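What follows is calculated from the coordinates using simple rules that are stated; it is not laboratory data. Keep in mind it's a predicted model, so treat the numbers as computed, not measured. Quick reminder, even Gly has a Cβ in these numbers, built from the backbone with ideal geometry, and neighbours come from all protein chains shown.
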Amino acid sequence: MRILVVEDEPDLLASLARALREEGYAVDTANDGEAGLFNAESYDYDAIVLDVMLPKLDGWEILRRLRQQKKTPVLMLTAKDQSRDRVKGLDTGADDYVVKPFDLEELFARLRALIRRSANKTTNTIAIGDVAVDLAARHVLMGGKPVELTAREYALVEFLALHRGEVVTRTQLYEHLFDEDDSTLSNLLDVHVSNVRKKLGAEFITTRRGHGYCIE
Amino acid sequence: MILNSIKWRLQLWYGFILVAVLVGFGVTAYQLERGRQMRRIDGELQRRLNPLASVLRQPPRGRLPDNPQNDEPPLQFRPQRQPRPEDAPEDMLQAPRSFHIPPQVEALFNVDDTNGFYFVVWTRDTNVLARSENAPLEVPVPTGPRPAFQPNSPRELRQFTRALPEPQPPRSRGDAREAFLITPPGEVILVGRLIGSERKDLRVVAVTLMAVGGGILLLGLAGGWWIASRAMRPIRDISETAVKISAGDLAQRIATQETESELGQLAGVLNSTFARLEAAFAQQQQFTSDAAHELRTPVSVMLTQTQGTLNRERSAAEYRETLESCQRAAQRMRRLIESLLALARLDAGQETMQRRPFDLSQTVRESIDALQPMANERPVTIAAELEATRCVGDAERLAQVVTNLLTNAIQHNQPGGQVRVTLRGQNGLATLTVADTGAGISAEDLPRVFERFYRADKSRSTGGNGLGLSITKAIVEAHSGTIEVASEPGVGSTFTVQLPAATSAA
């Protein structure tokens, strides 16, 4: 999953990005409104964490303009806690609204909920044959036993599982599993797919030649 | 506790006064009427006394005729013998004498009427000489000064008896009013009348006066109560509104229809006080919520940093980084807290400002020197034209003011820009200007720059907390000075501070 974090307070931005990356997300960052909007319009993020008080362009405006083009789930992060601010946020198109200071774990859970919802999944566990993908715990069980996966491997499994039945192109995978900080080596993806097949079974991920991958 | 109510006190006093007035008036009226009646009666008594007296004024005779219907002149006293010196004069009068009343005198006394006039005549030695038939049985002899009687001769006696009797003050005796006189020989003539019916009439008058007075008193009290209530109603309205306001509803105001009366003015003053109170409360609430709001971000930084770092084992360098960002956040909160407290104290007037003479140009010079490194970093040049100006006040706080203005001028400047500082002392005013060549302040932001927490650039990335100019303004105003800003977007901004200068020469 690739997430965009737009926040002008540098320390906060840095720690959020680090924490999300450690959770296995690919994270892009922006520290002003214009850069944030530009990023949001350029890529299909799985979720956007958006601060309201930004220089150059504030969060409301970004949201409004973004919603004209994309349905990316947006979680607004703000110091404004009044009910009317929450109402405004949700009405303008945000999918969730979190008030600073916030608990990191709670933020993660809300992001997971956003992503799950946008993939039309209602539960936190996706069962694929013998394999259970636990979205909340962010691990995979096979036959009830946890399987050792790297963060990238899990991210790959999660993404394909959430788009189960769809064919996901390599480009999409690149866009959703790597952030702008990663060097794009196209065979890195193949390595991850191969590793997952080794751990979860060769049939786990199906290759559609010329199109992409999918989990059936 | 009744006495605590103004209405009751008014009523009490008013009642007292009304009672006093009514009683005074009533008593006077009664006395007038009574006096009139008495004078009338006394006049009538007197009218009857005099004829009787004149009957007695004939000198006494020696022998009483047996038949008073004789033609002999009445009360003729024929001495039976010549008086002899050894005869006591009183003896001459001992002989009973006839008391014959001529008919016209008799007509004055209505003997058939028990309430009519009656008379009694006593001799010198208090024996009843004559009485009218309707005279009450027990009429005591009035006492009075008996004239000394020393006639030495019949002629003297005659003269004496012819003299006018001494008038005496009338007396009231029970239900009767009696007037009497004492003749020179010492006889007492009394005319009286039962005045029971007059007395009754007077009583009726008295009762009527009391009843009418009582009625007027009641009406007056009722009227006074009504008036007092009407007068007190505005006060009650004010009191009720004030109670509502003190209970928390600061939006209430006293309804005033009449603004000119004393109570209307009071209501007006109270209303404007309540309005100020409401505004002050609103400002305080705004301030408190702004302050809490400002603290959210640094706390958020610390929380996210620490939670993220503690999620797994980190290297020493990573821990150090986290600690440093926490420190930055904590410093930010410290600055915010200090600014807030300074503002709060300035607001409450609790900041004890020094009042000492100092040279403002020196303060400015020191600030410029301190900020030179920051200026060099941008880089921004500082040009200063400073006149030595003496002011009275707190040099340290005014240094804060200068530093704040200079810092803003440097930070909101372009690289290679300039900051011009001038200080002039003229007409008892010290004028300090700080001009920068920065981005300027837009027209809509301009009036609001001195507001608390107001930042023209709404984000927080510039590092300030939006209180610097508010504190600056508060300090300047605490020195009875003024601060203004003029700006042109794209060109720059100029802040002008005016302070009272010390009048004595530097």
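See the values below:
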| quantity | calculated |
| --- | --- |
| nm² value of the averaged projected area, convex hull over the Cα atoms of region B:318-466 | 11.1 nm² |
| B:A176 long-range amide H proximity, modeled H, under 5 Å | B:I195 |
| Within 10 Å of each Cβ in B:289-301, the average number of Cβ atoms from other chains | 5 |
| Shielding score for B:304-312, defined as the mean number of other chain Cβ atoms within 10 Å | 6 |
| Centre separation in Å (Cα based) which lies between region A:155-216 and region A:31-72 | 27 Å |
| Amide H contacts of B:L429 (H built 1.01 Å from N, under 5 Å, at least 5 apart or other chain) | B:A501 |
| Where labels lie 7 Å past Cα in the beta-carbon direction, separation of A:K199 and B:S272 in nm | 7.8 nm |
| Cα pair distances in the protein assembly as shown, grouped into 10 Å bins until the bin that holds the longest one, percent each | 2, 10, 12, 11, 9, 7, 6, 5, 4, 4, 4, 5, 6, 5, 4, 3, 2, 1, 0, 0 |
| 10 Å Cβ neighbours from other chains, averaged over peptide B:320-327 | 2 |
| At 0.890 mPa s and 25 °C, Stokes D of region B:200-344 from Kirkwood alpha-carbon radius, µm² per second | 110 µm²/s |
| Calculated from backbone phi, Karplus (6.51, -1.76, 1.60) coupling profile of region B:286-300 in Hz, x at Gly/Pro | 4, 4, 4, 6, 4, 4, 4, 4, 5, 6, 4, 5, x, 5, 4 |
| Gain upon complete extension [B:T28, B:R448; 0.36 nm per residue less C-alpha separation] | 143.3 nm |
| Cα centroid of region A:81-142 to Cα centroid of region B:244-302, whole Å | 43 Å |
| Span-like helix ranges in chain A, DSSP H, alpha carbon extent 20 angstrom or more, Kyte mean at least -1.0 | A:104-118, A:186-200 |
| Listed peptides B:378-389, B:402-413, B:278-289 by packing density, highest first (mean Cβ within 10 Å) | B:402-413, B:378-389, B:278-289 |
| Distance between modelled label sites at B:T496 and A:D81, nm, 7 Å Cα→Cβ extension | 4.4 nm |
| At R0 = 51 Å, FRET efficiency that the Cβ-Cβ distance of B:R173 and B:W225 yields, to 0.05 | 0.60 |
| Packing-based ranking, highest mean first, of B:428-438, B:262-272 given that Cβ atoms within 10 Å are counted | B:428-438, B:262-272 |
| Ratio of the Cα radius of gyration of chain A to 2.2 N^0.38 Å, where N counts its residues | 1.03 |
| Ranked by how many other beta carbons lie within 10 Å on average, peptides A:8-17, A:37-46, B:331-340 from highest | A:8-17, A:37-46, B:331-340 |
